[in-house]
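Notes follow once the structure below has been shown.
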Amino acid sequence: MKGVVFQKPRELSVETVSDPEVQTATDALIRLTSSAICGTDLHIYEGRMGEPTGMVIGHEPLGVVEEVGSAVVSVKAGDRVTVPTHICCGFCASCVSGRSAECLMTNPGQTGAAYGYPGMGDYKGAQAELLRVPFADANCLRLPGEPGDQWEDDFVLLADAFPSGYHAAELAGVSTGDSVAVFGAGAIGLLAAYSARLRGAADVYVVDNVAERLDKAGEMGFDPIDFGAGDPVEQILQKRKRMRSGSAAWRGEEPLIGVTCGIDAIGFQARDRDDPSRENPHWVTEALAELVHPGGRLGIIGVFVDQDPAAAGELERRGALAVPWGSLFKKGVTIGMGRDHDERYNGRLRDMIVTGQARPSTIVSHHIGIDEAPDAYRHFDARRDGYLKVVIRTG
Ligand SMILES: NC(=O)c1ccc[n+]([C@@H]2O[C@H](COP(=O)([O-])OP(=O)(O)OC[C@H]3O[C@@H](n4cnc5c(N)ncnc54)[C@H](O)[C@@H]3O)[C@@H](O)[C@H]2O)c1
Ligand SMILES: [Zn+2]
Ligand SMILES: [Zn+2]
């Protein structure tokens, strides 16, 4: 089969690699119809997750079951399925408590496994034509419809991007009437904002400096904030002050012009506000700490790592950030973070799509064939020419 293979930082190739096979009775083999490229793949692409030369990358598959092992009971050849990024067993202590991204069985000695991801188990990636799925009963979620139908782009986002956006909103405890500031207008930030809306948020701000992505945020009904045009905290506070003026419902709330919920959808490679050509993961946390109300909640969905040899500073090299702990403590802020437990949400989000309540595919910007992947990565990595969410049509 063909697969997208990491060669060295910023260099991928499309190679013919060996076909995966059903290896154990609980496996399934999936023939992919679509496979999406993620911001997480860019951390790998840029060489920030080690140098997994020869690895097929990708972790956002959608396809049709080709073959199942003898013990698989819930799916059969011909079923259309989505498969979550984080590979789970379905029966360990983490899985049964709803924390599938910390599965204890699929990456022995570690918590959590994923396709095509350095350090997360020996699983071939999903930017390929076929995928071996272990513990198929736990990982395959059946879908209605046919490959290439009106849901193809919605369903490919069920593997990771949509549940991750939703998880961010869950971590930030977003519910009816909340005000939400999302930093990062990539696929995850936009789907976090979208999920906040689905959960009843009253107003949603999305911060970035990429014009096309801010336009998309506006088109989706959020308030775009360009950090290139000035301090985003100040911009949001001014907007909220104006919105509040004249309100009849004051109960001593005048100082509460911040937001109730904040989301970091960027992670450890966040750009510096004054000089976006360099990284500065600290200021997003600082900005969120400043912006959030007393009693507010923060959801950190952007990836942070515990070792980053390529980082500029000594703190960042060991995954440590200077966090304004004092102001967060004073405000009594709750912080949630970590990998998305995609299994928790994908069935419910599928049903939101099928009933027409959710159309996450609005963020898909490009469709390509697998041979075009190395070129698409170059554009996506530069976050230019409107590259926001690329879907490889593999079938
Ligand atoms: N926790 C999880 O399970 C999970 C799942 C999927 C993705 N992620 C992570 O979420 C993050 C976002 O993914 P994506 O696909 O949207 O990636 P992306 O790189 O396309 O989007 C990130 C966006 O942040 C913007 N940005 C950079 N610095 C900024 C700053 N200081 N302020 C505001 N905006 C800034 C960039 O311009 C870009 O538009 C990545 O770190 C990815 O690894 C985590
Ligand atoms: Zn992803
Ligand atoms: Zn498990």
* Taking Thr85, is it under 22 Å from Gly165 (Cα atoms), in the same structural domain as Pro374 (by TED's automatic domain parsing), among the hydroxyl-bearing types (Ser, Thr, Tyr) and within 16 Å of ligand 3 (Cβ to nearest atom)? -> yes
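Please work out which residue is nearest to ligand 3 (Cβ to nearest atom), limiting yourself to segment 147-186 and to residues that are hydroxyl-bearing (Ser, Thr, Tyr) and buried (at least 24 other Cβ atoms within 10 Å of the Cβ).
Within segment 147-186, the first condition is being hydroxyl-bearing (Ser, Thr, Tyr), and the residues that meet it are 164, 166, 175-176, 179.
Checking the rest, the ones that are also buried (at least 24 other Cβ atoms within 10 Å of the Cβ) come to 164, 166, 179.
Working: Ser164: 19, Tyr166: 21, Ser179: 36 Å.
Here the residue is Ser164.
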* Asked: For segment 87-96, does any single residue satisfy the condition of being outside any loop (DSSP other than H, G, I, E, B), within 15 Å of ligand 1 (Cβ to nearest atom) and either within 19 Å of the chain's Cα centre (by Cα) or small (Gly, Ala, Ser) (or both)?
  -> yes
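Of everything in segment 37-79 that's of a type in the set (A, V, I, L, M) and assigned to a strand (DSSP E or B), which residue is nearest to Asp306 (Cα to Cα)?
Taking segment 37-79 and keeping what is of a type in the set (A, V, I, L, M), we get 37, 42, 44, 49, 55-57, 62, 64-65, 68, 71-73, 75, 77.
In the following step, the residues that additionally are assigned to a strand (DSSP E or B) were identified as 56, 62, 64-65, 68.
Working: Val56: 24, Leu62: 31, Val64: 36, Val65: 36, Val68: 37 Å.
Among those that are of a type in the set (A, V, I, L, M) and assigned to a strand (DSSP E or B), it is Val56.
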* Looking only at segment 67-81, decide whether some residue is within 16 Å of ligand 2 (Cβ to nearest atom), hydrophobic (A, V, I, L, M, F, W, C) and touching a residue at least 40 places away in the same chain (Cβ under 8 Å). => no
* Single residue of Glu60, Glu11 found to be surrounded by fewer than 16 Cβ atoms within 10 Å (Cβ to Cβ), modelled with pLDDT of 95 or more and either within 15 Å of ligand 1 (Cβ to nearest atom) or farther than 19 Å from Met120 by Cα (or both) -> Glu11
* To do: Just one of (1) within 16 Å of ligand 1 (Cβ to nearest atom); (2) modelled with pLDDT of 95 or more; (3) at positive phi trips up Gly78, so point out which.
  => (1)
* To do: Kindly provide the set of residues from segment 272-291 that are within 15 Å of Ala310 (Cβ to Cβ) and of a type in the set (Lys, Arg), ordered by number.
  => Arg278
* To do: Can you tell me which residue among Gly173, Gly200, Gly228 is over 20 Å from the mean Cα position of the chain (by Cα) and at positive phi?
  => Gly200
* Residue that is nearest to the chain's Cα centre (by Cα), among those in segment 176-194 that are within 17 Å of Ala36 (Cβ to Cβ) and in a helix (DSSP H, G or I) -> Ile188
* Could you say whether any residue in segment 23-36 is buried (at least 17 other Cβ atoms within 10 Å of the Cβ), under 23 Å from the mean Cα position of the chain (by Cα) and part of a loop (DSSP other than H, G, I, E, B)? -> no
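The values are calculated or read from the model by the stated rules, or taken from the named source; none is laboratory data. Note that the structure is predicted; figures quoted are calculated from it, not measured. Please note: Cβ atoms are built from the backbone with ideal geometry, for glycine as well, and neighbour counts cover all protein chains shown.
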